[in-house]
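The values are calculated or read from the model by the stated rules, or taken from the named source; none is laboratory data. Since this is a predicted model, take the numbers as computed values, not measurements. Glycine gets a Cβ as well: all are built from the backbone with ideal geometry, and neighbour counts include every protein chain shown. Keep in mind that these areas ignore ligands, DNA and RNA; they rest on the heavy atoms of the full protein, side chains included. Shrake-Rupley method; radii C 1.70, N 1.55, O 1.52, S 1.80 Å.
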Amino acid sequence: MGMDKKYLRQLILEKLKTHPIALKKQRDEQLLKAIIKTETYQNSQRIATYLAFPHEFATNLLIQQALKDKKSIYIPKTFSCGKMEFTKYDQTH
């Protein structure tokens, strides 16, 4: 029998949390560079992303770059009823 989804997700999460900080920072910067080089990014006026946990891709780098590039940023807002909608990012909060 294979691994169940919950177990596999937990295993991957633990691996992500144990990555060396310097390596994670390097990979985050590489990923950002790859994203901003794409035609899709360059031609976009709006970017939808999320506010990341420390073990995830540092979306704050993408947000900062997109703001420098005069793009509008949208992040998901979740509600208790299971509904989600994207709202414009307010960098003052």
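For a quick check of your reading of the model, give me the residue pairs whose first member lies in the stretch 41-59 and is hydroxyl-bearing (Ser, Thr, Tyr), whose second is part of a loop (DSSP other than H, G, I, E, B) and open to solvent by 70 Å² or more (accessible area, probe 1.4 Å), with beta-carbon atoms closer than 7 Å and at least 6 apart or on different chains.
Thr59/Tyr50; Thr59/Leu51
Can you tell which of Lys6, Lys70 is outside any loop (DSSP other than H, G, I, E, B), over 17 Å from the mean Cα position of the chain (by Cα) and either at negative phi or at pLDDT 95 or above (or both)? First the steps, then the outcome.
On the way: Lys70 fails: outside any loop (DSSP other than H, G, I, E, B).
Selected residue: Lys6, the only one of Lys6, Lys70 that is outside any loop (DSSP other than H, G, I, E, B), over 17 Å from the mean Cα position of the chain (by Cα) and either at negative phi or at pLDDT 95 or above (or both).
So, in the stretch 78-93, exactly how many residues are open to solvent by less than 100 Å² (accessible area, probe 1.4 Å) and not acidic (Asp, Glu)?
Taking the stretch 78-93 first, the residues open to solvent by less than 100 Å² (accessible area, probe 1.4 Å) are 78-79, 82, 85, 87, 89-90.
Now restrict to residues that are not acidic (Asp, Glu): 78-79, 82, 87, 89.
Number of matching residues: 5.
Every residue, every condition in (1) in a helix (DSSP H, G or I); (2) under 23 Å from Asp90 (Cα atoms); (3) open to solvent by 80 Å² or more (accessible area, probe 1.4 Å); (4) among the basic types (Lys, Arg), yes or no:
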site	(1), (2), (3), (4)
Ile12	yes, no, yes, no
Lys25	yes, no, yes, yes
Gln30	yes, no, yes, no
Phe53	no, yes, yes, no
